[in-house]
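Structure first, then comments.
The numbers here are math on the coordinates, done by the rules we state, and not lab data. Small disclaimer: the values here were computed from a predicted structure and weren't measured. Neighbour counts run over all protein chains shown; Cβ positions are idealised from the backbone, glycine included.
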Amino acid sequence: MNAWNADTAAGAAEVGAVTVVEGSSFCISSPSGDISTGGPQGVFYQDTRIISGWTLRVNGSLREPLVARTPTAFQATFMGRARWADGTFESPLVVRHQRHVGPGLRDDISIHNYSSEPAVCDVDLFLDADLADLFDVKGGRVAGGAVVSRSVRDGELHFEAERGGQRRGTAIRAAGAHVREDALTFRMEIPPRGQWSTSVIVVPLINGIGPDEPFTEAASPQHRVGVRRHIEWEEHVPRVTVTDTEIQAVLTRSQSDLGSLRIFDPKNPNRVAVAAGAPWFMALFGRDSLLSSYMALPVDSNLAAGTLQTLADIQGTKVDPDSEEEPGRIAHEVRLGVSAGLTLGGTAYYGTVDATPLFVIVLGELSRWGLAEDIIDSLLPHADRALDWIEHYGDRDGDGFVEYMRPNPHGLLNQGWKDSWDGINFADGRMAEPPIALCEVQAYAYSAYIGRSLLARSAGDSATEGKWVARAAALKESFNERFWLPDRGYFAIALDKDKQPVDSCASNMGHCLWLGIVDEDKAPSVAEHLLSPEMFTGWGIRTLASNMGAYNPVSYHNGSVWPHDTALVATGLMRYGFIEEARRVARGIFAAATHFDGQLPELFCGFDRDEFPEPVPYPTACAPQAWAAAAPVQLARILLRLDPDIARNVVYLAPILPEEMGEFRADNVLLGRSRVTIRAGHGMASIDGLPPGLELKHEPRPSLEELLRR
């Protein structure tokens, strides 16, 4: 279990590495398509690296890379030029290499001879498979792993290793190949202006058994279940049109990336959840998946529904200090590798303090988007168990606040969204010691109480409604008293083990604005600090102010910019009426996205926009990454001020789009069981296709607290 305590940042990968992903399978390669040994590259299936080396040589030499493209999330095309036998370029031989990832790998390789003379070619594909666990690869701990055997059987190259009582293996074949224990080799003569081709098939094996739908030479890769699911996704998500075509491109890319990050529970194949991010986090993460699906509600509410259902299935039932499972607790991470089981419902790690209240928040929000009542009803007992966890396990000392402290030496030291080992610190740079009560976690708990109150009201359960209304009011009062730093004008990021405020100025308090726990009289000062030069880079909100002792713009959590964090800060600013400030933040993130070709990464460096004309990439950021992909969707929603409340038969739409954004239109948006078209811009706001009985109001939605007071 020491993997859970590994550095939470992604492992290093070379600049320009090409990543393709489908479900929990992915491949990281060089721009040539080759996979280098000794680093993080490889083909991964169910958290095991099934290919760790893939090197193609033509006439004994590597190709000259020409271009690499990823037309879809699960497909890459590489073009390269071969060398002459004497090692010089200017060869008429062009190598085209198409890669498909899924239940293994299929690589279609063709060599075109553009000469008027025949060309004799020797092609060698050198292969290796260390069958290492993803955790070990990500953490650079592959050396000294399981012993891997190699063999040639029935025209296939086999790799096999045993670890944890299970056998993992890889079988590789290609038509026309001579198979050796280290390579597939081919010799051919390509006619003038002709070509040669083959398909390399990689089949992963678990205890000698391959996947249900492996790649084959005969079946087109485009006809697989995963491909059909992606096509269906593209057909059913909204079609967005914006006058500002750069913003339109960002929103379109966000939807596509969210589609590529979907994972399906093999026990419930019609249930879809969202993985945290590629390449290293293609698994269900409680916090990440919940926040991502929350922000992605305008794209597809089924993501949130499936994420909730899947997390409910593995909700904690017992006390286990090793995995940190506790009754009612929502899991932090579910893995598919040998060290973590073989299915989506396999071994889970529960060391997170915020996934449990977020579970209740997302359920409450889904009810307002018109999720089917039977799903809401089936999840309510899980929400109540989550609230019980907050009261009996989350609040460790009975002071009304939710704290965390790992009960073992191998779990995560910090268990909020800033979960790096040094992510929570004082203004002078000292690290806080647990138990730690994070400010945003109190806001999550507060919003969970409010959300459960409204669910109870809808069900006519006044006793339950009153109970959680009282809990919310008490928490809000104590939070504003204990976390507020009057001499600084902002909220402490946390309370430490001695209940002393951890006084650094951090973005976490923006989440408190988002969920409404901040007293009205304190909000202007919080907004001023969040938009100060120390916090706002021009591209986004820093995780830590630049005048803090631990500030480092190239750190993971101490001064970098995370798009999802910035989007939630902007949502909080909008909630408290800081409209121009929210617009300014949204403009920054959309501008940053255009510099990343429309695809926001997990995070980028916290340098000022005035210092660098483009956002500086963070070297190991994941992309695509779920909550980064969902961030532009959330920003578009707050600029539209789109808030359905179908349970109360009303939809709110009061757009405040920046003038330069122009007109906005989204077709095929799912509200309840209806598909609608949303239009906004130039003083116009409408929703076409609203079902009878739903009223459209051109005003901001009242806060949940206001709804409870009515």
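A Förster radius of 56 Å combined with the Cβ-Cβ distance from Ile656 to Met405 puts the calculated FRET efficiency at roughly 0.85. The mean sequence distance of close C-alpha pairs (under 8 Å, at least 6 residues apart), as a share of the length of the chain, puts its relative contact order at 11 percent. Going from the residue with the fewest nearby Cβ atoms within 10 Å to the one with the most, Ile28, Ile375, Ile201, Ile247 rank Ile375, Ile201, Ile28, Ile247. Against the chain, whose longest principal axis comes from its Cα atoms, helix 626-640 is set at around 40 degrees. For every other residue with a beta carbon closer than 13 angstrom to the beta carbon of Leu290, add +1 if it is Lys or Arg and -1 if Asp or Glu, then tell me the sum. My count for the surroundings of Leu290 gives -3.
Using the Cβ-Cβ distance between Val319 and Val120 with R0 set to 45 Å, the FRET efficiency works out to roughly 0.05. Beyond 25 Å in Cα-Cα separation lie the following of the pairs Lys418/Lys499; Lys467/Lys522; Lys418/Lys476; Lys418/Lys467; Lys522/Lys697; Lys476/Lys497: Lys467/Lys522; Lys418/Lys467; Lys522/Lys697.
Over the residues of the range 610-658, compute the C-alpha Rg and express it relative to 2.2 N^0.38 Å.
1.70
Tally Lys/Arg at +1 and Asp/Glu at -1 over every other residue whose Cβ is under 10 Å from the Cβ of Pro214; what's the total?
Result for the neighbourhood of Pro214: 0.
Each Lys and Arg adds +1 at its Cβ and each Asp and Glu adds -1 at its Cβ; summed about the Cα centre, the chain shows a dipole of about 1200 debye.
Across the range 2-219, C-alpha contacts under 8 Å between residues 6 or more apart give a mean separation that, scaled by the residue count, equals a relative contact order of 19 percent. With the charge dipole of the chain set up from +1 on Lys and Arg Cβ and -1 on Asp and Glu Cβ about the Cα centre, the Cα lying farthest toward the positive end among the listed residues Gly662, Val526, Gly328 is that of Gly662.
In plain terms, the bigger the Kirkwood radius, the slower the diffusion; for the range 233-296, with that radius from Cα pairs, at 20 °C and 1.002 mPa s, Stokes-Einstein puts D at 166 µm²/s. Where does the chain land at 222 nm, in deg cm²/dmol rounded to the nearest 500, when only DSSP H runs of n ≥ 4 count, each adding -39500 (n - 2.57), divided by all residues? Per the formula, -8500 deg cm²/dmol.
Kindly work out what percent of the DSSP beta bridges joining two residues of the range 562-710 are antiparallel, to the nearest 5. Bridges in the range 562-710 are about 85 percent antiparallel. Residues whose amide H falls under 5 Å from that of Ala276, counting only those 5 or more places apart or on a different chain, are Ala283, Phe285, with hydrogens built in the peptide plane. Cα extents for the range 650-709 along the principal axes, largest to smallest and rounded to whole angstrom: 38, 25, 14. Against the main long axis of the alpha-carbon atoms of the chain, helix 373-389 sits at an angle near 80°.
Against the chain, whose longest principal axis is taken from its Cα atoms, helix 563-575 shows a tilt of about 20°.
Relative contact order of the range 650-709, taken over Cα pairs closer than 8 Å and 6 or more residues apart, is 38 percent.
Indicate the gyration tensor shape class of the range 253-400 (rounded, prolate or oblate), computed on the Cα atoms with a ≥ b ≥ c the square roots of the eigenvalues: a/c under 1.5 is rounded; otherwise a/b larger than b/c is prolate and the rest oblate. Taking the square roots of the gyration eigenvalues as a ≥ b ≥ c, the range 253-400 is oblate.
Have a look at Gly53, Thr19, Ile201 and report the one farthest towards the positive end of the charge dipole of the range 2-219, computed about the Cα centre with Cβ charges (Lys/Arg +1, Asp/Glu -1). It is Thr19. Where in the range 574-663 are there trypsin sites (Lys or Arg not before Pro) that are in a DSSP coil and have at most 16 other Cβ atoms within 10 angstrom of their Cβ? Within the range 574-663, the qualifying trypsin sites (Lys or Arg not before Pro) (loop, at most 16 other Cβ atoms within 10 Å) are Arg609.
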